[in-house]
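Coordinate-derived values only; no laboratory data. Quick caveat, the model's predicted, so the values are computed rather than measured.
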Amino acid sequence: MRFILPVMALAVLLPQTSFAQSYSFTNIPDTSMTDPGGGSYTSFNYSPAINDAGELVVLAGQAIYRGTPGALTRLAQTTDAVPGVSGTYQSFPTPPRINATGQVLFAAVAGSGSQFIASPSSTISLAFSGNTPIQNAAGRLSTPYFVGDINASGTVFYVGSRKPDPSASA
């Protein structure tokens, strides 16, 4: 009781300060806008990711877009051929990520569950798939559970599991 009263008295004596800030909102895009392919954005599956340079990546419908507000370009969509894996992207099950240098990491259902990195120039390469050997550990990656993150140097982490390496001798 002795401690509570002095704290309450101190709180009453301190000046009240307002920390209100003004913000501006930028539309990046919405369902009334035309997408870069001439269609429309039908839905937004996850919140967009943004880096310190103001570049963003957003999953809208069955496509991933990257750019700045008002200047988005399509990075990948479900009808595109998959680099490093035969076939096309089937879906994008998790939100994409963007790092400080503009590299985008995204997960796609393609083959055995794969993660891809798109360079700032939009070149897409396979980061790893569900059968990639694990460095410094026995076994191979199991199907990735969800996209992790990518740092400024391009190092990727994710959550998954390990399965035995079928090429290892018993």
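Amide H of L75 versus every other amide H placed in the peptide plane: which residues, excluding those fewer than 5 positions away on the same chain, fall under 5 Å?
I64, Y65, R66
Test of understanding: what is the full-extension gain from Q21 to D52, defined as 0.36 nm times their sequence separation minus their Cα-Cα distance?
Gain on stretching Q21 to D52: 9.2 nm.
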